[in-house]
1. Is one or more of the residues making up segment 20-29 at pLDDT below 95, under 18 Å from the mean Cα position of the chain (by Cα), among the basic types (K, R) and surrounded by fewer than 20 Cβ atoms within 10 Å (Cβ to Cβ)?
2. How many residues are touching a residue at least 60 places away in the same chain (Cβ under 8 Å) and buried (at least 16 other Cβ atoms within 10 Å of the Cβ) if we restrict to segment 62-81?
3. Within segment 30-44, which residues are more than 14 Å from C92 (Cα to Cα) and surrounded by 17 or more Cβ atoms within 10 Å (Cβ to Cβ)?
4. Residue under question is P104, and the condition is that it be assigned to a loop (DSSP other than H, G, I, E, B) and either under 17 Å from L120 (Cα atoms) or among the hydroxyl-bearing types (S, T, Y) (or both); does it hold?
5. Any chance you could count how many residues in segment 82-95 are part of a loop (DSSP other than H, G, I, E, B) and surrounded by fewer than 22 Cβ atoms within 10 Å (Cβ to Cβ)?
6. Considering each residue of segment 1-19, count those that are at pLDDT below 60, basic (K, R) and surrounded by 16 or more Cβ atoms within 10 Å (Cβ to Cβ), and give that number.
7. Which number in (1) at pLDDT below 95; (2) in a loop (DSSP other than H, G, I, E, B) marks the one condition that R68 misses?
8. Please find, among G123, G116, the residue that is free of Cβ contacts under 8 Å to residues at least 40 places away in the same chain, closer than 12 Å to C20 by Cβ and over 16 Å from the mean Cα position of the chain (by Cα).
Amino acid sequence: MPNSTVPEKTSGIEHPCLRCGACCAFFRASFYWAEADDVSPGGVPVGMTRKLNDFRRSMLGMDGGNPRCIALQGEIGKRVFCSIYDSRASVCRDFEPSWENNRPNERCDRARAAWGLEPLKPGDWEEWSQWSSSRQSSSGNVHPAAPLHAGVVPDAMDVLVRPHQPEQDRQPGCPE
C-alpha cells in the first residue's frame, strides 16, 4: 500500500492517528541500520537517529524519562504529524493502530493510556474507512493519504520498546 504523503484532514475527515501521536512518544522506534539514508536513498534521515549496536539504530529523543521521537510534530492528543512521514522507518510503517483493521492493538491502547487518551474504538475508523474506500474504488489505487500505519509485520512489534529496556531492543534473529 503506497504511503506517499502524510494522511491529512480531507473534507472534514481526519485519520485518527493525526489526533494522537502517543506511540511516537511512548515506544522507542528502533530499526535495522540500513534503513537510514546514508545507506538507503530516501530512507530515515541518519541525522535524526543514533546507533544502538552494530545492527540497529533508533530515532533521537526516545531515551530518558520523557521519550518523544524527534520527527513527531504537534501536540499529542490534539494534532500531530510525522515530519519524515515519507522516509519513516519500517517499524513505524508497520505499527497498526487499534481497530484500523478490525482488531485491537494492546500496544496502541497502552501508549494512548499513558497520555491520558481513551483507546481507539471501531467507530473511530468508520468515516475514515468510508472515505478511503471511496478514494480507492474510484481510482483503482489506494489514495496517497492512506492510513498512517498500514499492515502488520509481527517482528516489527518486537522492536518498539519502552526506553530503558535494552534486552528487548534487538530484532529477533539479530546478534548483539
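The values are calculated or read from the model by the stated rules, or taken from the named source; none is laboratory data. Small disclaimer: the values here were computed from a predicted structure and weren't measured. Cβ sites come from the backbone with ideal geometry, for glycine too, and all protein chains shown count toward neighbours.
1. Looking through segment 20-29, none of the residues is at pLDDT below 95, under 18 Å from the mean Cα position of the chain (by Cα), among the basic types (K, R) and surrounded by fewer than 20 Cβ atoms within 10 Å (Cβ to Cβ).
2. Number satisfying all stated conditions: 4.
3. If the condition is that a residue be more than 14 Å from C92 (Cα to Cα) and surrounded by 17 or more Cβ atoms within 10 Å (Cβ to Cβ), then W33 is the only one that fits.
4. yes
5. Qualifying residue count, segment 82-95: 2.
6. Result for segment 1-19: 0.
7. (1)
8. Details: G123 fails: closer than 12 Å to C20 by Cβ.
Result of the check over G123, G116: G116.
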